Amino acid sequence: MAINKEWHRSDRMPPKATRAQRVAWHAAHKAACGCRAVPMSLRPDVMKLLRSGRKP
Ligand SMILES: [Zn+2]
């Protein structure tokens, strides 16, 4: 999948992101863009967020 430049322009990872922020970023990123895989260490939390915390 190609990089979604528009999404990346408006959704930057905070410089000192907490784990929760990184999980939220990767969850949104996974839905919007396919340039990068979710890190293995964050994957369980990202999947959980994608299943339960879906935004309208
Ligand atoms: Zn991306």
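Since every read-out is calculated from the coordinates, none of them should be taken as a lab result. It should be emphasised that the depicted structure is a prediction, and the values quoted were computed from it without experimental measurement. Virtual Cβ from ideal backbone geometry, glycine too; neighbours counted across all protein chains shown.
General remarks:
- Selection status of Ala37, among the small types (Gly, Ala, Ser) and crowded, with 16+ Cβ neighbours inside 10 Å: no
- Selection from region 32-50 of residues that are within 16 Å of the ligand (Cβ to nearest atom) and not basic (Lys, Arg): Ala32, Cys33, Gly34, Cys35, Ala37, Val38, Pro39, Leu42, Val46, Leu50
- Candidate set: region 1-48, residues that are in contact (Cβ under 8 Å) with a residue 24 or more places away in the chain and not in a loop (DSSP other than H, G, I, E, B); chosen: the one nearest to the chain's Cα centre (by Cα): Ala27
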